[in-house]
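S.K.: Take this structure first; my questions come after.
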Amino acid sequence: MSVKVEHSPNHAEALWTVRFANQSVQFRHAQSAHEYAAKLKERIDAAHPYPNPSQPS
C-alpha cells in the first residue's frame, strides 16, 4: 500500500497530508506527518499471521 506525505500550502496555514488507501490525515507540522507515515508504513509492512479458520478467534 502506498503511503504519501504531501505539502498543502494553499490553506490559511500550511498543512501536511498523509494519504493512504483512499484516506487522508492532516498535520500542521512536517515532522508529525513524516513520523505518522513512517509508523503507518512499518505497521503495514509488518509480518501478520495468516488466519487459521480451525482456531477460534
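Read the figures in this text as sums done on the coordinates, not as results from a lab. Since we're looking at a predicted model, the values are computed, not measured. All Cβ positions, glycine included, derive from the backbone under ideal geometry; neighbour counts span all protein chains shown.
S.K.: Tally time: how many residues in segment 8-38 are polar (S, T, N, Q) and either assigned to a helix (DSSP H, G or I) or exposed (fewer than 11 other Cβ atoms within 10 Å of the Cβ) (or both)? Let's see the steps before the verdict.
M.R.: Taking segment 8-38 as the starting set, the residues that turn out to be polar (S, T, N, Q) are 8, 10, 17, 22-24, 26, 31-32.
Next cut, either assigned to a helix (DSSP H, G or I) or exposed (fewer than 11 other Cβ atoms within 10 Å of the Cβ) (or both) only: 10, 22-23, 31-32.
Count: 5.
S.K.: Kindly evaluate E42 against the criterion of being assigned to a helix (DSSP H, G or I) and within 14 Å of the chain's Cα centre (by Cα). Give the steps one after another, and end with the answer.
M.R.: Values: assigned to a helix (DSSP H, G or I): yes; within 14 Å of the chain's Cα centre (by Cα): yes.
Yes.
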